[in-house]
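**Q** Shown below is the structure under consideration.
The values are calculated or read from the model by the stated rules, or taken from the named source; none is laboratory data. Everything numeric here is computed off the predicted structure, so don't read it as measured data. Cβ coordinates were reconstructed from backbone atoms using ideal geometry, including for glycine residues, and neighbour counts include every protein chain displayed. When the accessible area is computed, the model is the full protein with side chains, heavy atoms only, and any ligands, DNA or RNA have been set aside. Shrake-Rupley method; radii C 1.70, N 1.55, O 1.52, S 1.80 Å.
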Amino acid sequence: MSMKQMNSKISSQNTEKPILELKDITKIFSNRGHSTTAAQNVNFRVDPGKVVALVGESGSGKSTLAKLITGIERPTSGSINFGEWAVESLRSRNLREYRKHVQMIFQDPFASLNPHNTVLYTIVRPLRKHLGLSKQDARNRAIHIMETVRLTPVEQFMDKKPHQMSGGQRQRLVIARAIACEPELVVADEPVSMLDVSIRADVLYLIDELRRTQNMSVIYITHDMLSARVLADEVVVLYRGHVVEQGRSDEVIKHPTHPYTQLLFSSIPNPYRHKNKESVDTGQKFAEFDVPIEMKVAQDMVSNSGCPFASRCPFVMDKCLQTMPPLTGNQDHLTACYR
Amino acid sequence: MLEVKDLWVTYKSRSGIGVSAVRGVDFDIPDNSFLGLVGESGCGKSTLGFGIAGLLDPKRNDVSGKVILDGQDLYTLSKEQLRTLRWEKLSVVLQGGMNAFNPVLKIKQQFIDVMRAHSNQSTSSMVDRIAELLSAVQLDPRIMDSYPHELSGGMKQRTAIALSLVLHPRLVILDEPTTALDVVVQRSIINMLSELQRLQKFSVLFISHDLGLVLEVANRVMVMYSGQIVEDKPASVIMDDAQHPYTKALLGCYVNPHAENVSLKGIPGTPPDLRGGVQGCPFAPRCSFVMDVCFTKTPQLVKCENGLVACHLYRQDEVTVE
C-alpha cells in the first residue's frame, strides 16, 4: 500500500478532538521602534496522528510558529491550546512538563547534538529526566528506540559519538531523542534539508512510520513542496507571517490557487521539465524576489494593510493594496486571494 | 579550453592514512559550455573544484596530475603567475561566497580592489563596468554604494557572481552557489545565470549536490561518486539514457512534481570510507546490479553511445575475458 492510501485511511478513522489548536496567533518582534510581523492571525489545528506541513520560503515565519508551539517564544496575541494547556501563558516550571508531550526535531543534525555525549546517553537522558525511569529500564528502552529508528546494530552505535556518524545517522539520533518520551506532538523544523537526496526519503519514511505506529502528530516545517505532498495530510502555506493558502495536502499542492503557492511550486528543480516542454515556466512571470532596498520599505508598508504578496504578484489589483484578502473556500482548501 | 588529466588529491592526515578525495579524474571543459558536476556530500566534488582552481595547499595535500588551462599547466606555474591568471582567466564563486565580502567595505570598493590588482583603469570606467555587471545579474546598480549587510542573501550571491565576471574570465567555477538560499531565490538566480552564460559565452563548472537543478541548467553533466567520475553525458540524454546504476538511483530520488502520484525513493547504504583507498567499484556495496568483478576491479571510464560511463555492466567483453 502506498503512503498516500495509508494516510487517507488514517484520516477516516480520526474524528477526535484536535491535539493542538492555534487561534488567531499574532507575533510581532519589536526592536527600537522597528517591528517585524512574524505571524499574523494564524489559525490551524492538528489532529492526533496527523502531519501538518508549514510551507514557505525563508522569512515566512514558519520557524517562529515552531517556537511559539514549543513554548520558546510567546505570541503577542491569540491562543495556543494543547489538550488542557494554554501554551501561550505556561510558566517555566510547567513548560518542562509540557515538553514531555511536545518535542522538536531540529534542522541541523551537526549542531543539535552534544558532541561529548554518546548515542546511548543522548537517548537515556530524556527518559531519566522526563519519565523518571531507573538506569536499567532507561537503557532497555533506549535500545528499543534505537531499533525503532534503525540505529542498528545497537551494540555498535551505543557508544558512538556524533562525529563518528554520518549526517543521516545523526538525524536518526535527533529523532530518537525527540520520540524517547513518547510525545504526542513532534515539531520537525526542516528535518531533511541538510541531508543528501539519497538519504532524505529514508528519514521522511521513518517520520511517517512513527506517526502511524505511535499515533504521534507531526508539524513538518519545510520549503520543499514535494516532501510536504508525500508526508503531510494538511498544508499551511505561509508568506510573511500570513497564511495565504491552507487545506488538504494533495488538494492544495496539486491545484494551488494562490499565486505565491504557484510560484513556490514552479521553483522546485524539476529534471522532468525538459521532457514536458509544453508545461509553462510560471516562475518567469513573477517579479524578482531581490528588489532594491527602497522597494523593501514600501513592501513593509503594504504588508500592514493589504496583501503581503501584492508587490510581487503578477495579478495585483487595486484592492490587494488596501485590504488583506480573507481566507475563503471550503474546509479542504482555503485561499486568501481576491482572484 | 581546460583539460584535467589524471588528477589525484589526497588529504594528508596525522595518522598517516590519507583520504583520497579525488581519484584519477580526467575531463575537459570546452569553450562556451555549461558543465554540471553532481555528487553526494563527501564525494570530492568541491575538492575537484579547488584542485582545478589551484586553491589546495601543497603542504597539506598530495596533488598529482595536470590541470591545463589554455595550454598552461597550472601546477607548474609560480604563485605570482597564478595570481595574474585568477580572475582574468578563471574565477571561483564559493558556497559561502556571499559571506566572503568584507563587511566594512562598500560593494563598489570590493569590485575596484579586484580591478586595480589586475588592470589600469580610471575610476569612472570601473564604476561603469560595475554598474554594467550589477544590471547583468538583475540588480539595481545603486546597490554598489551599500555595505554587504544591507543586502539579502540572494542579492549577495548575485553580487558574488557579478564579481566573478568582472575581468571577463573564460571559466567560472561555481561551488554550490544556491545551496544556502531558498527555492524561489534559487530559481531566479539559476535562470539569471544560464541567461548570462548564453549571452557572454564563458564556460561554467557548476558544482552541486542537486541533480535536478543541474539537469535544468547544464548542457553536460558529470556524476561523481567517491572521488571518481562515474558518468559523463549531455544533460539532454542523461534523463532517459542514464547507464551507471548510481546515476539511475540518483535520478530515482527525484519525482516529477506534476505527477499524479508521488512517492520518494532513496539509495540504501552510505558512501564508502575513503581512508586508505577503495578496492573495486566504490558503489558496489550499494548497487543492485553488483557482480563479483565489481569488488576486485575498479571500472574505468569508457566511451559509450552518448558519453562516458564507468561500470562493469557495460564492459561485458572484458569481464568474460578475465
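**Q** Give me the pairs, please: first residue somewhere in the range A:80-94 and of a type in the set (Gly, Ala, Ser), second residue anywhere and open to solvent by 60 Å² or more (accessible area, probe 1.4 Å), beta-carbon distance under 9 Å, and either six or more positions apart or on two chains.
**A** Hits for this filter: A:Gly83/A:Lys17; A:Gly83/A:Glu184; A:Ser89/A:Arg74.
**Q** Would you say B:Val237 is in contact (Cβ under 8 Å) with a residue 24 or more places away in the chain, under 27 Å from B:Pro30 (Cβ atoms), outside any loop (DSSP other than H, G, I, E, B) and open to solvent by 20 Å² or more (accessible area, probe 1.4 Å)?
**A** For B:Val237, the condition - in contact (Cβ under 8 Å) with a residue 24 or more places away in the chain, under 27 Å from B:Pro30 (Cβ atoms), outside any loop (DSSP other than H, G, I, E, B) and open to solvent by 20 Å² or more (accessible area, probe 1.4 Å) - is met.
The rows are residues; the columns are (1) within 20 Å of A:Leu231 (Cα to Cα); (2) out of contact with any helix residue (DSSP H, G or I) (no Cβ under 8 Å at 6 or more places or on another chain).
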{"site": "A:Arg45", "(1), (2)": "yes, yes"}
{"site": "A:Lys50", "(1), (2)": "yes, no"}
{"site": "A:Val55", "(1), (2)": "yes, no"}
{"site": "A:Thr64", "(1), (2)": "no, yes"}
{"site": "A:Thr70", "(1), (2)": "no, no"}
{"site": "A:Glu73", "(1), (2)": "no, no"}
{"site": "A:Asn81", "(1), (2)": "no, no"}
{"site": "A:Ser89", "(1), (2)": "no, yes"}
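**Q** Next question, about the same structure. Would you say A:Asp196 is within 12 Å of chain B (Cβ to nearest Cβ), touching a strand residue (DSSP E or B) at 6+ places or on another chain (Cβ under 8 Å), of a type in the set (D, E, K, R) and under 27 Å from B:Arg286 (Cβ atoms)?
**A** no
**Q** Among the residues of the range A:122-134, is there at least one that is within 24 Å of the chain's Cα centre (by Cα) and among the hydrophobic types (A, V, I, L, M, F, W, C)?
**A** Within the range A:122-134 (the criterion being within 24 Å of the chain's Cα centre (by Cα) and among the hydrophobic types (A, V, I, L, M, F, W, C)), the answer is yes, since at least one residue qualifies.
**Q** Within the range A:244-258, can you find the residues that are assigned to a helix (DSSP H, G or I) and either among the aliphatic types (A, V, I, L, M) or within 12 Å of chain B (Cβ to nearest Cβ) (or both)?
**A** Correct list: A:Ser249, A:Asp250, A:Val252, A:Ile253, A:Lys254.
**Q** Which of the residues spanning the range A:310-339 are out of contact with any strand residue (DSSP E or B) (no Cβ under 8 Å at 6 or more places or on another chain), surrounded by 12 or more Cβ atoms within 10 Å (Cβ to Cβ) and part of a loop (DSSP other than H, G, I, E, B)?
**A** Across the range A:310-339, the qualifying residues are A:Cys313, A:Pro314, A:Phe315, A:Val316, A:Met317, A:Pro325, A:Tyr338, A:Arg339.
**Q** Give me the pairs, please: first residue somewhere in the range A:109-130 and within 14 Å of A:Gln171 (Cβ to Cβ), second residue anywhere and outside any helix (DSSP H, G or I) and open to solvent by 30 Å² or more (accessible area, probe 1.4 Å), beta-carbon distance under 8 Å, and either six or more positions apart or on two chains.
**A** Listed pairs, sorted by first residue: A:Pro109/A:Met194; A:Phe110/A:Met194; A:Ser112/A:Phe106; A:Val119/A:Asp159; A:Val119/A:Lys160; A:Val119/A:Lys161; A:Thr122/A:Asn114.
**Q** Name the single residue, out of those in the range B:149-180 being away from every other protein chain (no Cβ under 13 Å) and of a type outside the set (A, V, I, L, M), that is surrounded by the fewest Cβ atoms within 10 Å (Cβ to Cβ).
**A** Filtering the range B:149-180 for residues that are away from every other protein chain (no Cβ under 13 Å) and of a type outside the set (A, V, I, L, M), the one surrounded by the fewest Cβ atoms within 10 Å (Cβ to Cβ) comes out as B:His168.
**Q** Name the strands (runs of 3 or more DSSP E) wholly within the range B:1-97 that hold at least 1 residues that are among the charged types (D, E, K, R)?
**A** Here the list reads B:2-11, B:19-29, B:61-69.
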